[in-house]
Amino acid sequence: MTAAVQLAPAGSASAVEPLSLISTGELRARLAASSEIAFVDVREEGVRSRDGHILQSVALPLGQLELRAGALVPRFATPLVVTDGGDGRLAERAALRLRELGYGSVSVLDGGVAAWEAAGGEVYTGSNVFSKAFGEFVEHAYGTPHLPAPEVKARLDRGDDVVVLDGRTLQEFENFHIPGAHAVPNAELPYRVHDLVRSDDTLVVVNCAGRTRSIIGAQALINAGLPNPVVALENGTMAWLFAGYQLGHGVRPTPPAPGPDGLEKARASVARLTQRFAIRTLDRDGLARFQAERGDRSLYLLDVRTPEEYAAGHLPGSLWAEGGQLVQATDHWIGTRNARIVLIDDENAVRSSITASWLIQLGIGDVYVYGIDPAAAGLESGAERAPVLGSAPAVSRTTPAELQGLLARDAVVVLDLDTSLAYGRGHIPGARFAVRARLPEGLERLPARPFVVTSADGRLAAFAAADLAAEGRRVSVLDGGTQAWRAAGLPLEAGETSLLHSADDVWRSPYQEGGDRHAAFRRYLDWEIDLIRQIERDDTVAFKVYP
């Protein structure tokens, strides 16, 4: 049963139209049904990861609703359930704001995550847990073979016929990688692997930083029918470092395009995957029908090609979602369960087919593959334009040069709303790190000067500046954000030097934690391996196995 609760905006005594509360039992029933539902957790991602969350929930922090909700939940009529840790304050604020932004069916989970746990539901820590739990499930369901780091290193040192393929993103590969490895993001593996092996006898080792993408990448090649022996590097580069081996840095090669023979072999995998996983293909008329029905069914148009291919020409309204990352972090792109998901690729459909095979096994929606001709008319070029909800805030703007002068006179206080990780890598000297959803908390401790608010590109800062201006604060936004400051060649300060709010806004990987890194690796691996036991206890999990 749903119950109405009378809520009012923070700081307002006026009543508003009641929001609905739903019980944990009703939420469980909705998650098990075949109809659409979006279930979002509006705490900061670091808090959600640390304190625990419901597996089927998707992170949508309160302070980022305008920038992320439109892509994550694209249909305004989607039944949308909001939760927080349990006190309801963040959930109520978010539900009201989502309704203001146009969502017509918003309810709040009564008691939040605490109530779910009290009712016997599983609660998970960590980030992208839905996909990582799936990786552990895949290894157990299919018996994905693996080799420990010392065995792989010995084979490389002997000069054996072995190739190491790193299934992470190119940026991650550039940060660190196993010497001699090739950068081939996971969805690209069945597409490009054939030109990287000497023969069918070449041992193929797939690695990532930990476990999930090693497992998914190796099993992807096996499922695609690669005749070679294929293994996952057990525990990834964490195990490599445990063994005392060195990593390479700074090299970012472009994965090779498949030659004619390699492309023919890659195409053969599409038929194999299509038959085994019942992958559905969408033609132009079918896509047009889906687009016309977006008022009744949610539709995600996700382009799984490389960023260069996407920028050269993509379907209007589609977003870039590198296939391997879409599987690794499904909850970053898809916020509605049981929606239509169209994976866009070139006419060969190799990358979209392997990605579709995994999304089908995840059981999150109706998955289709759509091929485009990169030379076709009607395509858009350039970077993606993710939807932003709400009116563009009318706020005063300050240029980087003007801000530099104001700082020299101690005339303003800068608030930086980027992530704490980005703030630590480099911020405007003297800027205070802050979280939008926690403002105006802490402002009373700052000097009584006007504020200049910044974020990566200034968009989030503009919304926060409008919030502060509505409270009567003297505030402007840095035009172009910290990116514009950096582009102007102005100095940056590194480190978490001045925190207005605690730096628990994002999840930090074991590679980003301070202190004993190897101990952090061990804690992470123990946590990830234990996910298989958690999902065995969780009756909301419905991963699928295809023999």
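Quick look at the numbers
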{"quantity": "Odd one out for Asp526, checked against (1) under 30 Å from Trp358 (Cα atoms); (2) surrounded by 13 or more Cβ atoms within 10 Å (Cβ to Cβ); (3) modelled with pLDDT of 95 or more", "calculated": "(2)"}
{"quantity": "Of all residues making up segment 235-252, the number that are surrounded by 13 or more Cβ atoms within 10 Å (Cβ to Cβ) and within 24 Å of the chain's Cα centre (by Cα)", "calculated": "4"}
{"quantity": "Residues of segment 508-523 that turn out to be in contact (Cβ under 8 Å) with a residue 60 or more places away in the chain, crowded, with 17+ Cβ neighbours inside 10 Å and not basic (Lys, Arg), as a count", "calculated": "3"}
{"quantity": "Every residue from segment 444-468 that is in contact (Cβ under 8 Å) with a residue 24 or more places away in the chain and assigned to a helix (DSSP H, G or I)", "calculated": "Arg445, Arg459, Leu460, Ala461, Ala462, Phe463, Ala464, Ala465, Ala466, Asp467, Leu468"}
{"quantity": "Hits in segment 241-278 - residues which are of a type in the set (D, E, K, R) and on the phi > 0 side of the Ramachandran plot", "calculated": "none"}
{"quantity": "Condition check for Glu100: over 20 Å from Trp333 (Cβ atoms), modelled with pLDDT of 95 or more and over 15 Å from the mean Cα position of the chain (by Cα)", "calculated": "yes"}
{"quantity": "Residues being more than 30 Å from the chain's Cα centre (by Cα), among the β-branched types (Val, Ile, Thr) and farther than 20 Å from Ala401 by Cα - total across segment 463-502", "calculated": "0"}
{"quantity": "Residue in segment 102-119 that is touching a residue at least 12 places away in the same chain (Cβ under 8 Å), of a type in the set (Asp, Glu) and within 24 Å of Val435 (Cβ to Cβ) present", "calculated": "no"}
{"quantity": "Residues of segment 478-515 satisfying the condition of being among the basic types (Lys, Arg) and either in contact with a Pro (Cβ under 8 Å, 6 or more places away or on another chain) or in a loop (DSSP other than H, G, I, E, B) (or both)", "calculated": "Arg508"}
{"quantity": "Residue match in segment 120-127 (condition: more than 27 Å from the chain's Cα centre (by Cα), without any contact (Cβ under 8 Å) to a residue 60 or more places away in the chain and under 16 Å from Val231 (Cβ atoms))", "calculated": "no"}
{"quantity": "Selected residue (criterion: surrounded by the most Cβ atoms within 10 Å (Cβ to Cβ)) from residues of segment 291-336 that are of a type in the set (D, E, K, R) and over 21 Å from the mean Cα position of the chain (by Cα)", "calculated": "Arg297"}
{"quantity": "Tally, over segment 525-547, of residues that are in contact (Cβ under 8 Å) with a residue 40 or more places away in the chain, touching an Asp or Glu at 6+ places or on another chain (Cβ under 9 Å) and part of a helix (DSSP H, G or I)", "calculated": "7"}
{"quantity": "Lone qualifier among Asp530, Asp504, Asp479, Asp516 - being among the acidic types (Asp, Glu) and closer than 24 Å to Arg43 by Cα", "calculated": "Asp504"}
{"quantity": "Test: residue in segment 380-387 that is modelled with pLDDT of 95 or more and in contact with a Phe, Trp or Tyr (Cβ under 7 Å, 6 or more places away or on another chain)", "calculated": "no"}
{"quantity": "Candidate set from segment 389-412 (those that are surrounded by fewer than 16 Cβ atoms within 10 Å (Cβ to Cβ), in a loop (DSSP other than H, G, I, E, B) and touching a residue at least 12 places away in the same chain (Cβ under 8 Å)); member that is nearest to the chain's Cα centre (by Cα)", "calculated": "Ala392"}
{"quantity": "Members of segment 358-380 that are within 15 Å of Arg280 (Cβ to Cβ) and over 19 Å from the mean Cα position of the chain (by Cα)", "calculated": "Asp366, Tyr368, Val369, Tyr370, Gly371"}
{"quantity": "Hey, Glu139 part of a helix (DSSP H, G or I) and either of a type in the set (Val, Ile, Thr) or touching a His at 6+ places or on another chain (Cβ under 9 Å) (or both) or not", "calculated": "yes"}
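Here's the yes/no breakdown for (1) touching a Gly at 6+ places or on another chain (Cβ under 6 Å); (2) under 25 Å from Leu156 (Cβ atoms); (3) modelled with pLDDT of 95 or more:
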residue: Val231; (1), (2), (3): no, yes, yes
residue: Pro256; (1), (2), (3): no, yes, no
residue: Asp261; (1), (2), (3): no, no, yes
residue: Arg272; (1), (2), (3): yes, no, yes
residue: Gln275; (1), (2), (3): no, no, yes
residue: Ala278; (1), (2), (3): no, no, yes
residue: Gly286; (1), (2), (3): no, no, yes
residue: Arg297; (1), (2), (3): no, no, yes
residue: Leu302; (1), (2), (3): no, no, yes
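The values are calculated or read from the model by the stated rules, or taken from the named source; none is laboratory data. Model, not experiment: these values are computed from the prediction. Positions of Cβ are generated from backbone atoms using ideal geometry, with glycine treated the same way; all protein chains shown enter the neighbour counts.
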